Each structure stands twice: as structure tokens, then as C-alpha cells.
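Here the structure comes first, spelled out in C-alpha cells, and everything after it is commentary.
The values are calculated or read from the model by the stated rules, or taken from the named source; none is laboratory data. Please read these numbers as outputs of a predicted model, since none were measured by experiment. Because the Cβ atoms are built from the backbone with ideal geometry, glycine has one as well, and the counts that use them run over all protein chains shown. For the accessible areas, the whole protein counts, side chains as well, though only heavy atoms, and no ligand, DNA or RNA atoms are used. Shrake-Rupley method; radii C 1.70, N 1.55, O 1.52, S 1.80 Å.
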Amino acid sequence: MKRRKKLEIRPGNIKTNDLRRNRLSFRIALITIVSSLFSIVAIELVYMNMKEVIRDYNHVVEVDYANAEYMNDVMVGVYEHQAIVFHHMAESKSQEKRALMEEADEVESHLKEKMAQFEENVRGTEYEIGYHDLFSLMSGYIHNVKTVVDLSKSGETQTAYYTMHTKLEPIIEKMNSQIMGMDQAIKKDTESLMEDMRESTDLMRIVTRVMLVLMLLAAIFNVSFCLRISEEMISRDLLTGVANFDKLIRVGEKMRRKKKNHLVDYSGLAISIKDFKFINQEYGSVVGDIVLKGYAKTLSEHLRHGEVIARNGGDNFIALIEKGHVDEFLNNINKVPVDVGEKLGLTLTSRCGIYQINDEDTIYDVINAGLIAVGETRLSGAKDYVWFRQERRDEMIRQKDILSGYHKAIDEEEFVVYYQPKVNLRTRTLCGCEALVRWIRNGEMVPPGSFIPVLENDGKVQELDFYVFDKVCRDIGDWQRRGIQPVRVSSNFSKLHLHNKQFVDDVLAVVDKHGADPYYLEAELTESSGYEDLDAMKYFVSEMREAGIHTSMDDFGTGYSSLSLLRDIDMDVIKLDRTFLRDENDAKEERMVENIVRMIHDLDRKVICEGVETEEQVEFLKRVGCTMAQGFLFDRPLSREEFEKRLINPYYS
Ligand code: C2E
Ligand code: MG
Ligand code: MG
């Protein structure tokens, strides 16, 4: 494709380009107006000229016709006169002769009159000379006619005839040829006028055509210019001036169809600015915008011909970079200095997900893969540049599948609550249980480990927690009504609830709804919940205590500040993570666990260990003073029906 240098918008100087575009569009409009005015004037001039030619022509034709008529009259008169004269000469009776002579005089005066009119008509025209010739011939004629008449009057008929023959006839002949000559001149005159007119018409046609062609060209140019401007407008990201998402899709699809510069020759890069959110929050959105413009400018400066960069909202950019150019490009955009004015300069770090495009990929596949890879750069401990991995895509598909099936699953009660017993190690009897959710999807049981984190990531898990808690409250009431002695049931609540001011009320509302005895309820929150909002957690714990509901800290020991949490948050139960059972033969480890357990007891909390699978682990726990356990050694999570059997027979061998 031909590059259109003049119209190309470069990021960072949008204003200049806008002005330039405006000026160009103004110039084109001016050219169109001037050429239209010029056309109108030119056509008007040619039209006036034509009108003049036509008027001249009409005048000349009118004059010519009149002259021709006069000349005709003159000749007819001459012949008539001559006839009378002949007759006169032939007549003998004097009376008749007189009458004839009177008639001849009449004709003569008529002739004179015609000649006078003729003179008037041709005065100042090119026929004037012709007239003078004709007039002198005419005078000669009249003079000779007089001679002839006089001769004939005096009876010298012979001489009269002779004179007539020798003098009058040549004059008449000359007059005739003179008139014919003048006739020719008239004809010629008319022809040249016709020629003038033809030329004028041709000129008019040429001028009109040229003008029309010029106007047409201006119109076409204007239309194509408008199309280009609107194409620019719909293809550009207004803030940064790089291509927008739609343009990227169009370019990508076009590249896919092309043989040269084929999509497969490129890599898809999803790029974003590290900590851009922070820049926006810290310096405000005006600086944020300047940063984006400067960043986009640098990205586009490192593009090669044929490569594309597009903004996909926020600080997200997608680029198509030639496969052989990717490393160099990444090097160039690793650290991007941006000057944001007022002595504030920032150096931006890029995050980038890179995807090697395959033969069958559409531009959408490329974008998705890039986004998946750049998403990985946000995971803790990840690098700033991550190449796309197929497993990650599969994972994303799986997550999407979970999210899309989730609401239907809630509505159609595909989620089922299982209960995993907790056991008193001293008496080996059931002392509680944990409610654990299962998803029966298309007849198969899906463990929570594969969907809880996905829902949690997407902020959707809260609904499920309450779904489970609702069933727990319902089951406790149900067991009591049926005379089955319940045990305390702990329910898992995600840390996301802590952001919700209604959380406590929502929990209590469910308890009330089923009239469940709070004594049998326990809320588990993972240790990590405390890092994020210590105050909210403290508040929740105290409110639950007030309501008579126990709380427990799940997965204790997996975080970094377990001990300080222990001090800060007054939970009823601490659930040791199964990592504490890693090496029960290690004396040092044993002493450490023993001390932790003692400390928990000293703080007046209960302690339970999760994931107990062997009798050795039971012995270890007993040695370190932990008297409660939960694990496969005793029971796997059980369906409600199976768990009811356990409630009825709470003893382990
Ligand atoms: P968790 O709360 O720490 O639950 C204990 C997990 O350890 C359960 O896995 C349980 O089946 C498993 N487990 C118990 N004994 C053993 C054992 O001896 N060996 C081994 N290897 N594992 C054992 P599960 O049911 O797959 O649940 C996994 C996690 O899913 C839970 O960990 C909890 O964090 C979450 N979860 C389950 N149900 C809910 C729920 O309703 N809401 C929320 N927010 N999270 C839930
Ligand atoms: Mg738990
Ligand atoms: Mg746990």
C-alpha cells in the first residue's frame, strides 16, 4: 500500500496534524470555490461572445436580405424600365408615348428611391463600395436611357436602338454582374459568420468541458479526502493517535488474506505499562494521558514498515511485529522515558505477552493469546515479558467454561455440600465437621480446588459461599428436628466478603431464616484474608462472637505473618495447614510445632490440624498437643446422607 505521508498522524502531535488537516481541507474548499467561480465567469464570457456573434449574424443576415431585395428590385425596375422604353420606341402614337414615358419616369423614380434606401442600408458597411459602383452604373444607365428616349422622341429610332444596344445593354450587364458579385460577397459574409459561430460554439464546448472536468476532479478529490479523513477518524485512537482496536482487526484480517506481509510472518504482542494504575492515581488522569501519549509515541517510533500498533483501551496496546524484529523491539520498549512537564520525568517499564502467530490463526486468536500471556506477567513472581503457553490458553478456556456455567449451576442447584468430619484424637470421636462444596456437573463431581479460585478471581464466589452456608443452616435445623445430634459445622467464607459492609448482617440473616442454633456454626476465613483488611476481619470476628458463632483461621502457617495475626485476631479455632505434617520425624520441626500449639492454647484458642492421612501423623499431633484433626485417615468429605450415618455413629476405631 502506498504510504500517505502528509495525512499520517503521529502520536504526540495530534494538534499539529489536526491543524494541518484543517488547513488542507480549507485549501481544497478554496480551490473548489475558485474553480467554480472561474467556470461561471468563463462560461458567461463565452456566452456573451456568442450572443454578440448571433446578434451580428442576425443583423448581417437582415441587412443582406434587405440589400438582396433592393438589388433585386433595382434589377426588376431596370428591366421593367427598359421594357417600357422599348415599348415607347415601338409606339407611334404620341399620346400613348406620353403615358409610357410617365410610367418610365415612375419606374425611374422608384429605382432612385430603392437606390437611396440601398445606400442608406449599406452606408458604413463593406458593400458601400459596391453600392458606389452600382450607383454610378445606375447613373450611367439613367443618363443613357434619357439619350435613348430623346433619340426615340425625335424619331431617330435607329440611333436610339443602336445607343440602347451599345450603351444600355453593357451597363445592364455590368449592373447584373455587379449585383451577382455583391450577392457572392453576401454569401461569403454569411459563411464567415457561420464559421465564427461554429468556432464560438466549439470554444464554448471546450471551455464548458474543461471546467466541468476541473470541477469533477475537485469534487472527486474532495470526496476522497473526506473519506480519508473519516477513515482516519474511525481508525485512530483519539488520545494517542495510534490505530484503534477496530483498525487492528481490519488490518489483521487483511494481512491474513495477503500473500506478502502475511499475518504468520508476525508475532502478536500485548503490551501494557507496569503500574500505570499507580501513575494515574498518584499524578492524576491529565498526567496519565500525557504518559499514554508519550508511551504510544515511543512504541510507534520503533515500528518497522508494515508493523502495527493499536490501543486497546487504558494502557493496553496490541502490536504486530515482524518475527525477526521482536527481540530488538522488546529491548527498545523495555524502559521508556516520558517527559510529563514541570520537571517531572518518568521511566515506564513495559509488560508484554508475546505470541508467535501460526498459520491458522485469526487476528482474534492472536489478540487473545497475547492477552493471556500478558496476563501472566501480572502473576506474582512473573517476568515482565512472557511468551504465550498453550497450557495457559487451556486454563483460560477452562476458567471461561466455569464462569459461563456458574449462574445456571446455582439456579439449578448443581452445587452440593459435603461434610468432612473433624475428630477428637483422644477419644477418636466426631467433634465437628467442615462443609465443603462440590459441583456435580454433567454427572461428574468437580472438586472446589478447580473452580473456587476462578470464581474468587472473578469476584463471584460470595454467592456460592452463602449458598453453602444456607444449606448448612438448613441441614442443622433439619437434623435437630429429626432428633439427630448435630456437631459444629464450619463453612468457608472467602476474603472477598470482608469488603462487604453487609457481610455480618447477611450471615445472621441466613441463620435467622433457618432458625439454626449459632452454637453449631463456625465461619472459616483463610489466613491471607487478614493481610488485606485486618480491621474488617477483626470486626467480623467480634460480631460473630457476639452472635454466638465460632470463627476459625483456615490454612494457618501458609502465610508470612501467621504469628502476628494470631496476636491481632481473636479467632476461636486455628486450623493448622497440612504443611505442618511435612516431616513428623524431624525433632526440630516437632519442637517448633509443639511451641506453636502451646502458644495457641495459651491464647485460649483451639487448634485442629488438616490433612491427616496416617496414624504416624496422629501420633505426632498427639505428641505436640494438638488434639483435633481432619483428614482422609478418618473420613473423606462425605455426602449429607453418609455424614448423617457418621452423626449417628460418631466413633472411629
Ligand atoms: P480447605 O478449606 O482448606 O479445605 C480442606 C481441603 O483439604 C478440602 O479440599 C479437603 O477435601 C482436603 N483434605 C481433607 N483431608 C485431606 C487429606 O487427608 N489429604 C489431602 N490431601 N487433602 C485433604 P477440597 O474439598 O478440595 O477443598 C479445597 C478448598 O476449596 C478448601 O480448602 C477451601 O479453601 C475451598 N472451599 C471448599 N468449599 C468452599 C466453599 O464453600 N467456599 C469457599 N470460599 N471455599 C471453599
Ligand atoms: Mg476450610
Ligand atoms: Mg484448609
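Contact map, region 145-161: residues that are within 14 Å of MET101 (Cβ to Cβ) and among the basic types (Lys, Arg) paired with residues that are assigned to a helix (DSSP H, G or I) and open to solvent by less than 50 Å² (accessible area, probe 1.4 Å), Cβ distance under 8 Å, separation 6+ or inter-chain. Pairs shown: LYS153/LYS97. Would a scan of region 534-543 turn up a residue that is within 16 Å of ligand 1 (Cβ to nearest atom), of a type in the set (A, V, I, L, M, F, W, C), more than 24 Å from VAL489 (Cα to Cα) and open to solvent by less than 10 Å² (accessible area, probe 1.4 Å)? No.
Scoring ARG591 on the criteria (1) within 16 Å of ligand 1 (Cβ to nearest atom); (2) under 19 Å from ALA629 (Cα atoms); (3) open to solvent by 70 Å² or more (accessible area, probe 1.4 Å); (4) among the charged types (D, E, K, R) leaves a single failure, condition (1). For THR125, the criteria (1) assigned to a helix (DSSP H, G or I); (2) surrounded by 13 or more Cβ atoms within 10 Å (Cβ to Cβ) hold in every case but one, which is (1). A Cβ distance below 8 Å, combined with a sequence gap of six or more or placement on separate chains, defines the contacts here; from region 213-227, residues that are in contact (Cβ under 8 Å) with a residue 12 or more places away in the chain reach residues that are part of a helix (DSSP H, G or I) and open to solvent by 70 Å² or more (accessible area, probe 1.4 Å) in the pairs ALA218/ILE31. The residue pairs whose first member lies in region 254-273 and is on the phi < 0 side of the Ramachandran plot and surrounded by 21 or more Cβ atoms within 10 Å (Cβ to Cβ), whose second member is in a helix (DSSP H, G or I) and of a type in the set (Ser, Thr, Tyr), and whose beta carbons are closer than 8 Å, counting only pairs six or more residues apart or on different chains, are ILE273/TYR295. Checked against the criterion of being within 16 Å of ligand 2 (Cβ to nearest atom) and in contact with a Gly (Cβ under 9 Å, 6 or more places away or on another chain), region 510-524 contains one or more residues that satisfy it. Just wondering, is there one or more residues in region 383-391 that are buried (at least 17 other Cβ atoms within 10 Å of the Cβ) and touching a residue at least 40 places away in the same chain (Cβ under 8 Å)? Looking for residues that are buried (at least 17 other Cβ atoms within 10 Å of the Cβ) and touching a residue at least 40 places away in the same chain (Cβ under 8 Å), one finds at least one in region 383-391, hence yes.
Listed by position, the helices (runs of 4 or more DSSP H) inside region 539-642 whose residues that are at positive phi number at least 3 form an empty set. Every test in (1) in contact (Cβ under 8 Å) with a residue 24 or more places away in the chain; (2) among the polar types (S, T, N, Q); (3) closer than 17 Å to SER272 by Cβ is passed by THR362 save one, and that test is (3). So, SER528, is that one closer than 19 Å to VAL607 by Cα, within 16 Å of ligand 1 (Cβ to nearest atom) and open to solvent by 10 Å² or more (accessible area, probe 1.4 Å) or not? Yes; evaluated as a whole, the condition is true for this residue. Any chance region 50-62 includes a residue that's assigned to a helix (DSSP H, G or I), aliphatic (A, V, I, L, M) and over 60 Å from the mean Cα position of the chain (by Cα)? Scanning region 50-62, I find at least one residue that is assigned to a helix (DSSP H, G or I), aliphatic (A, V, I, L, M) and over 60 Å from the mean Cα position of the chain (by Cα), so the answer is yes. Only strands (runs of 3 or more DSSP E) whose full extent lies in region 316-377 are considered here, and the ones with at least 3 residues that are open to solvent by 20 Å² or more (accessible area, probe 1.4 Å) are 335-339, 345-356.
Pairs linking a residue in region 577-601 that is closer than 24 Å to THR526 by Cβ and among the hydroxyl-bearing types (Ser, Thr, Tyr) to a residue that is open to solvent by less than 40 Å² (accessible area, probe 1.4 Å) and at pLDDT 90 or above, with Cβ atoms under 9 Å and 6 or more positions apart or on different chains, are THR579/GLY611. Take the residues in region 496-554 that are farther than 22 Å from SER564 by Cα and aromatic (Phe, Trp, Tyr); name whichever of them is farthest from ligand 3 (Cβ to nearest atom). Per the criteria, the residue is TYR519.
Is it the case that some residue within region 160-174 is exposed (fewer than 13 other Cβ atoms within 10 Å of the Cβ) and either touching a Phe, Trp or Tyr at 6+ places or on another chain (Cβ under 9 Å) or under 22 Å from VAL60 (Cα atoms) (or both)? No; the residues of region 160-174 include none that is exposed (fewer than 13 other Cβ atoms within 10 Å of the Cβ) and either touching a Phe, Trp or Tyr at 6+ places or on another chain (Cβ under 9 Å) or under 22 Å from VAL60 (Cα atoms) (or both). Does ILE28 fit the bill of being open to solvent by 30 Å² or more (accessible area, probe 1.4 Å) and either within 60 Å of the chain's Cα centre (by Cα) or at pLDDT 75 or above (or both)? No; evaluated as a whole, the condition is false for this residue. Only one of the numbered conditions (1) away from ligand 2 (no atom under 16 Å from the Cβ); (2) open to solvent by 20 Å² or more (accessible area, probe 1.4 Å); (3) within 30 Å of VAL618 (Cβ to Cβ) is not met by ARG398, and that is (3).
Is it the case that region 554-563 has a residue that's in contact (Cβ under 8 Å) with a residue 40 or more places away in the chain and more than 14 Å from ligand 1 (Cβ to nearest atom)? No, there is no match, as no residue in region 554-563 is in contact (Cβ under 8 Å) with a residue 40 or more places away in the chain and more than 14 Å from ligand 1 (Cβ to nearest atom).
This table checks each residue for (1) over 19 Å from TYR418 (Cβ atoms); (2) at pLDDT 95 or above; (3) open to solvent by less than 30 Å² (accessible area, probe 1.4 Å).
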| position | (1), (2), (3) |
| --- | --- |
| ALA587 | yes, no, no |
| MET599 | yes, no, no |
| VAL607 | yes, yes, yes |
| ALA629 | no, yes, yes |
| LEU633 | no, yes, no |
| ARG636 | no, yes, no |
| ARG646 | no, yes, no |
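Considering only residues in region 195-212 that are in contact (Cβ under 8 Å) with a residue 12 or more places away in the chain and among the hydrophobic types (A, V, I, L, M, F, W, C), the one that is nearest to ILE40 (Cα to Cα) turns out to be MET211.
Yes/no matrix, rows are residues, columns are (1) more than 16 Å from ligand 3 (Cβ to nearest atom); (2) closer than 22 Å to GLU644 by Cβ; (3) crowded, with 18+ Cβ neighbours inside 10 Å; (4) within 50 Å of the chain's Cα centre (by Cα):
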{"site": "CYS431", "(1), (2), (3), (4)": "yes, yes, yes, no"}
{"site": "GLY443", "(1), (2), (3), (4)": "yes, no, no, yes"}
{"site": "PHE451", "(1), (2), (3), (4)": "yes, no, yes, yes"}
{"site": "ASN457", "(1), (2), (3), (4)": "yes, no, no, yes"}
{"site": "VAL472", "(1), (2), (3), (4)": "yes, yes, yes, no"}
{"site": "ASN492", "(1), (2), (3), (4)": "no, yes, yes, yes"}
